[in-house]
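Read through the structure below, which is laid out as structure tokens, and then see the notes.
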Amino acid sequence: MRKYAALRERLAESGDVRLEVPRAATDVQLGRVHTQAYLEATTSGSLTRHEVRRIGFPWSPELVERSRRSVGGTIAAGHAALAEGWAANLAGGTHHAHAGHGEGFCVFNDVAVAIRDLQATAGTGRVSVLDLDVHQGNGTAALFARDPDVFTLSVHGAANYPFRKEESDLDIALPDGADDALYLDAVDRGVRVALEHAPDVVFFVAGVDAFHGDALGRLSVSRTGMAARDRRVYDLCEAAGVPVVTVMAGGYAPDVDTIADLHAATVRAAAARWLRRNTTPVP
């Protein structure tokens, strides 16, 4: 999608963040979440027509490599956040992917794979997922449904995709047309509950498709409201002393520049906060 290139261009030009190219996720890393049969079919291109249609993208070796790199970006961001307090993947948020299939433009579930990688290699215990994309994170909810160490929050449109939803630890479903006040109240309530889980790290699925101009969002959150959401998430996590991994997730406004600007604002809000905390004043 063009929005990812536009987002990177904005951040590269401004110098607001340090940009790095991630390694592709390995079979071992992906295999902690996804079934061997699904990995083999995806890698070899032997997915059925139904499976490809469910993902929403035509299969190609480039799609597989791009998906592995996207997951690798979230894994790298997870390790960086533990070390530095905050990091972001300029892609990711593929929260509809399940253990044995992809769907909704999501091939692999990057947040789930990153969580399992941190637990396996970095000693991470408890994790909270703050999914504020307008579409419920059904894949993430299903993957962690019986895991008491991972708390899943989803604030989403009640009548929006997916039409058969899974059960997160906390689901807050909003009506079509929900405005800034309704949306921000839901975010505040949900994030506070998720932080009561006492996580070692938080994954912020920062979709911008709640924006009122989004083609698929169906909510009515203003640009000001989206910025207030980001501040609220970062304020609450900072007050709790919890590292944050931010991933981009959805954004489908007809104007690509609008989407890229909204995503860039999410990244810059955290980067500015990180810089303020980690800059030693000159005597």
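Read-outs throughout are calculated quantities, based only on the coordinates presented, and are distinct from any laboratory measurement. A quick note: this is a predicted structure, and the numbers were derived from the prediction, not measured. A quick note on method: Cβ atoms are made from the backbone with ideal geometry, for glycine too, and the neighbour counts reach across all protein chains shown.
For the reader, a short list of remarks on this structure follows.
- Estimated inter-spin distance, Arg49 and Asp176, nm [label 7 Å along Cα→Cβ]: 3.2 nm
- Proximal charge balance of Ala206 [Cβ under 11 Å; K/R count +1, D/E count -1]: -3
- Built amide H within the under 5 Å cut-off of Val201, gap 5+: Ser128
- Length gained on full extension, Ala272 to Asp149, computed as 0.36 nm times the residue gap minus the Cα-Cα distance: 41.3 nm.
- The chymotrypsin sites (Phe, Trp or Tyr not before Pro) of segment 161-240 that DSSP puts in a loop, and whose beta carbon has at most 11 other beta carbons within 10 Å, are Phe163.
- Residues in segment 167-185 that a label on Val193 would reach, taking backbone N under 11 Å of a point 7 Å out along Cα→Cβ: 168-173
- Inter-label distance, Asp16 to Arg126: 3.2 nm, where each label sits 7 Å from its Cα along the C-beta direction.
- Charge sum, other residues only, whose C-beta stays under 11 Å from Ala253's C-beta, Lys/Arg counted +1 and Asp/Glu -1: -3
- Computed over the chain, the per-residue total of -39500 (n - 2.57) for DSSP H runs of n ≥ 4 gives a 222 nm mean residue ellipticity of -15000 deg cm²/dmol, rounded to 500.
- Karplus-derived 3J(HN,Hα) values for segment 56-67, using 6.51 cos²θ - 1.76 cosθ + 1.60 with θ = phi - 60°, are x, 10, x, 6, 6, x, 5, 4, 5, 5, 4, 5 Hz; glycine and proline are entered as x.
- Residues whose amide H falls under 5 Å from that of Val208, counting only those 5 or more places apart or on a different chain, are Gly250, Gly251, with hydrogens built in the peptide plane.
- In Hz, Karplus ³J(HN,Hα) per residue of segment 195-210 (6.51, -1.76, 1.60; θ = phi - 60°; x = Gly, Pro): 6, 5, 5, 6, x, 7, 7, 10, 10, 9, 8, 9, x, 10, 7, 7
- Assigned charges on the beta-carbon of Lys, Arg, Asp, Glu; the chain dipole about Cα centre (debye): 360 debye
- Furthest towards positive pole of dipole, Gly56, Leu90, Ile115, structure part segment 51-171, Cβ charges: Gly56
- Derived scalar couplings between HN and Hα for segment 82-96 equal 4, 7, 10, x, 7, 7, 9, 9, 7, 9, x, x, 7, 8, 8 Hz in order, rounded to whole Hz, by the Karplus curve 6.51 cos²θ - 1.76 cosθ + 1.60 (θ = phi - 60°), x for Gly and Pro.
- Taking amide H positions as modeled 1.01 Å from N, with prolines and chain starts lacking one, the residues under 5 Å from Ile172 and 5 or more places away or on another chain are Ser154, Val155, His156.
- Fully extended contour minus Cα-Cα distance, from Ala239 to Ala159, at 0.36 nm per residue: 25.5 nm
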